[in-house]
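First up is the structure itself, then whatever we jot down about it.
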Amino acid sequence: MTSVVSSPPRTIRIGSRKSQLALVQTYWVQEQLQKRFPDIIFEVHTMSTQGDKILDVALAKIGDKGLFTKELELGMLNQEIDFAVHSLKDLPTHLPEELTLAAITERENPADALVVHEKHKDRQIDTLPAGAVIGTSSLRRLAQLRHHFPHFTFKDVRGNLITRLAKLDASEYDALILATAGLERLGMGDRVHQILPKEISLHAVGQGALGIECRADDSELLSLLKAIEHPETRDRCLAERSFLRSLEGGCQVPIGVNTEISGDNLTLTGIVASVDGQKLVKDTVTGMADNAEALGTELAQLLRQQGAQEILSEIFAVIGRGS
């Protein structure tokens, strides 16, 4: 009688940053895949990135090329991990040739949130007192808020969400501007005091969505990862990423977006602002959602005609392009 030897289950190694938020996001992806593919073992492997290690320098001054992704990409290229889970807003629009954006998951609320010190619990962003100290590590948020609220004082804030909130509660700041999605994923949605309307703050490209990156030649894994992709989020984010890529901007520059889908139509709004908030160009395009990337390119060209490239050139001259 011939015995049948079954092959061992495939083990797929998932790469993640070590931060609490990154791990929450990665374990969610692991859970979704494990439910769909119970015969495969999905293991989480953690790594520290440059952005995790340097916490005393403003993000824009470090450089934004792979700030939170490079070490994970090296892990994939070196066959140490099979795919990586990123906050899509941190993933550069130009990827190494051997890697690809395999899937984009369903988006949480991409809007920015106002989180206030207890003493301001009865105020909204437009009723905070003159001179209020607002904490943000994002040039995009800084530029838009300076445009609308030049009477505020802005102060950089780094560290994980727990650290930032502790600094707020210790009265180092009157308020913080944070991503709604991050707060909700960490079970801190009760700290959201106000969702900032898009008229005040357009969100970051890809904010609220997760991007899954893997080796471009791993066809089996690419097929598996498509199982957790969200088509509407994919179209919205591909339009946003195309807009950013066409402007040759990076994750840390003052470029904001908003996307909406109605039926087969996608509407993309974008801004480019100077860091001091004095200059701001904004426009909107609408077209077929399945033509998302072309819409991003179209919007970038419209904003160039209104002076976006000059604004970005001035910013790059001050902060540099990163390395």
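In table form, for the structure just shown:
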read-out	value
For the chain, the longest site-free run once GluC sites (Glu not before Pro) in DSSP loop states with at most 10 other Cβ atoms within 10 Å are removed	200-323
For GLU232, net neighbour charge (Lys/Arg +1, Asp/Glu -1) across residues whose Cβ lies under 9 Å away	+1
VAL157 long-range amide H proximity, modeled H, under 5 Å	THR136, SER137
From the coordinates shown, Rg and Dmax of the Cα atoms in Å corresponds to which of (i) 22.7, 72; (ii) 20.4, 86; (iii) 20.0, 59	(ii)
Relative frequency of Cα-Cα separations exceeding 15 Å in the range 210-253, percent	56 percent
For the chain: accessible area per residue (Å², 1.4 Å)	45 Å²
Under 5 Å, built H, 5+ apart or other chain: amide partners of PHE42	ILE12
Helix-derived mean residue ellipticity, 222 nm - over the chain, DSSP H n ≥ 4, -39500 (n - 2.57), to 500	-9500 deg cm²/dmol
Taking only Cα atoms of the range 155-204, radius of gyration then Dmax in Å	11.2, 30
The range 180-316: Rg to Rh, with Rh as the Kirkwood radius over Cα pairs	1.00
Accessible area of the range 217-312 belonging to carbon and sulfur atoms, whole % at 1.4 Å probe	43 percent
Cα centroid of the range 219-246 to Cα centroid of the range 89-111, whole Å	7 Å
Principal axis dimensions, largest first and in whole angstrom, of the range 61-216 by Cα	52, 30, 28
Listed pairs LYS119/LYS198; LYS119/LYS155; LYS155/LYS198; LYS121/LYS279; LYS70/LYS282 exceeding 29 Å between Cα atoms	LYS121/LYS279; LYS70/LYS282
The range 88-164 - Rg (one decimal) and Dmax (whole number), Cα, Å	16.6, 52
Beta bridge orientation in the chain: antiparallel %, DSSP, nearest 5	70 percent
The chain: most fluctuating residue of ALA84, ALA102, ALA209 per GNM, C-alpha cutoff 10 Å	ALA102
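The values are calculated or read from the model by the stated rules, or taken from the named source; none is laboratory data. Because the structure is a prediction, the values reported are computed rather than measured. A quick note on method: Cβ atoms are made from the backbone with ideal geometry, for glycine too, and the neighbour counts reach across all protein chains shown. Each accessible area value is taken on the protein alone, full model and side chains, heavy atoms only, with ligands, DNA and RNA left out. Shrake-Rupley method; radii C 1.70, N 1.55, O 1.52, S 1.80 Å.
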